[in-house]
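Working notes for the structure below.
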Amino acid sequence: MQAKIAKLKAEIEEKLKTRETGRELYELKMYFQSALKEIMSGMKDLAKEDRPAFGKIVNEFKQGMEAEFERYAEIVRKKEMEKKYAAEQVDVTMPGRKYKAGALHPITLVKNQLIDVFAGMGFKVFEGPEIETDYYNFTALNTPEDHPARDMQDTFYLAEKLLLRTQTSAGQIRVMEKQSPPIKILSPGRVFRSDDDATHSPMFHQMEGLVVDKGITLCDLQGMLAEFAKRMFTSSTKVRLRPSYFPFTEPSVEVDLSCSECGGKGCRLCKGTGWIEVLGAGMVNRRVLENCGVDPDVYTGFAFGMGVERIAMLKYGINNIKALFENDVRFLEQFGN
Ligand code: PHE
């Protein structure tokens, strides 16, 4: 019996030294307790008079070992903490990880710049729906069915009278129906046309402007455009109006800006003309005002519409519109802001 205890004591003490974790220590304790139980179960085989002495020995042994387990609990805890600290050690001299920050897409950039420029002139933003009725996109804009001008834009129809808007001009009607003059709104948004080549995309962005009040003239339009050209491009950018046709404006104009590349001398970008066409505009057609319940004998107005991609291409010298939609990071990175 005594020998068994001594052997167990030696074994446990040896193992205690090599315990690394609380779990290992716990398992050893379980082992110790069951071994002790077995030793104690031998008590019944002893002579009655020997039992008290043996009981005392076992008890002392048990208490002694328990104290040892407690002492090692602290030792193992320290070992574990040290390991944890070593594993979590931070090398403060290590260089940091580089991370790539996102940036605004050039279309968003230009759109925001345009809104800034016009907001500075007192325009308020109105956003119309992308799915429009035939009425708002065409009919109310003085382009009834069978009007040849409908062929100017290849339209995606969703149903007989429902379409993807081909122009933000549809917003003009929505605003004038709800609001009475004075009106000064800017309407940015996506538009859709069945058109696809180096300078056209089936989805692109437009920025529409509408000003309606008493006494608005073509001179106001020209003055505002001159200011816009200076603020959006350079202070020496000039504006030229050429007669054109849109069903919803009369007279209508095509607006050119002096070429930012050559300053008007003529180069590849402006195809030798010194001018670059950037937007369509005109005085709001009387019929359109009437369609919206605005009295054309009291009020006049002008409207303009430009392609955001076109402005972005001119501003950044991009020659294929597809670059704006491919999301090639090498291209987009250049606009890091
Ligand atoms: N909506 C015309 C277009 O998409 C542009 C425009 C807007 C012309 C407003 C005149 C007035 O081509």
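The values are calculated or read from the model by the stated rules, or taken from the named source; none is laboratory data. Given the structure is predicted, the values throughout are model-derived calculations rather than measurements. Please note: Cβ atoms are built from the backbone with ideal geometry, for glycine as well, and neighbour counts cover all protein chains shown. Each accessible area value is taken on the protein alone, full model and side chains, heavy atoms only, with ligands, DNA and RNA left out. Shrake-Rupley method; radii C 1.70, N 1.55, O 1.52, S 1.80 Å.
Table for the structure above
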quantity: Accessible area per residue, Å², the chain with all protein chains present, probe 1.4 Å; calculated: 58 Å²
quantity: All-pairs Cα distance distribution in segment 2-87, expressed in whole percent, bin size 10 Å; calculated: 16, 43, 24, 12, 4, 1
quantity: Counting DSSP beta bridges with both ends in segment 106-335, the antiparallel % (nearest 5); calculated: 95 percent
quantity: Nearest-10 value in Å² for the accessible area of Met43, using the 1.4 Å probe; calculated: 60 Å²
quantity: Karplus-derived HN-Hα couplings along segment 223-229 (A = 6.51, B = -1.76, C = 1.60, θ = phi - 60°), whole Hz, x at Gly and Pro; calculated: x, 5, 5, 4, 5, 4, 4
quantity: Neighbour cut-off at most 14 other Cβ (10 Å), DSSP loop, GluC sites (Glu not before Pro), segment 279-337; calculated: Glu326
quantity: Surface share of carbon and sulfur [accessible, 1.4 angstrom probe, percent] for segment 155-314; calculated: 51 percent
quantity: Inverse mean reciprocal Cα-Cα distance (Kirkwood Rh) of segment 80-155, Å; calculated: 19.2 Å
quantity: DSSP-loop chymotrypsin sites (Phe, Trp or Tyr not before Pro) across segment 132-229, with at most 16 other Cβ within 10 angstrom; calculated: Phe156
quantity: Separation in nanometres of the label points that stand 7 Å from Cα toward Cβ, at Glu261 and Thr217; calculated: 3.7 nm
quantity: Distance cut-off 30 Å, percentage of C-alpha pairs in the chain lying past it; calculated: 56 percent
quantity: Debye log10 I(q)/I(0) at q = 0.13, 0.19 Å⁻¹ for segment 41-126, Cα point scatterers; calculated: -0.78, -0.98
quantity: Residue-averaged 222 nm ellipticity for the chain, from DSSP H runs of 4+ at -39500 (n - 2.57), nearest 500; calculated: -13000 deg cm²/dmol
quantity: Segment 30-93 versus segment 271-337: alpha-carbon centroid distance in Å; calculated: 84 Å
quantity: Peptide ranges 251-257, 89-95, 127-133, 101-107 listed from the most packed, as the mean C-beta count within 10 angstrom indicates; calculated: 251-257, 127-133, 101-107, 89-95
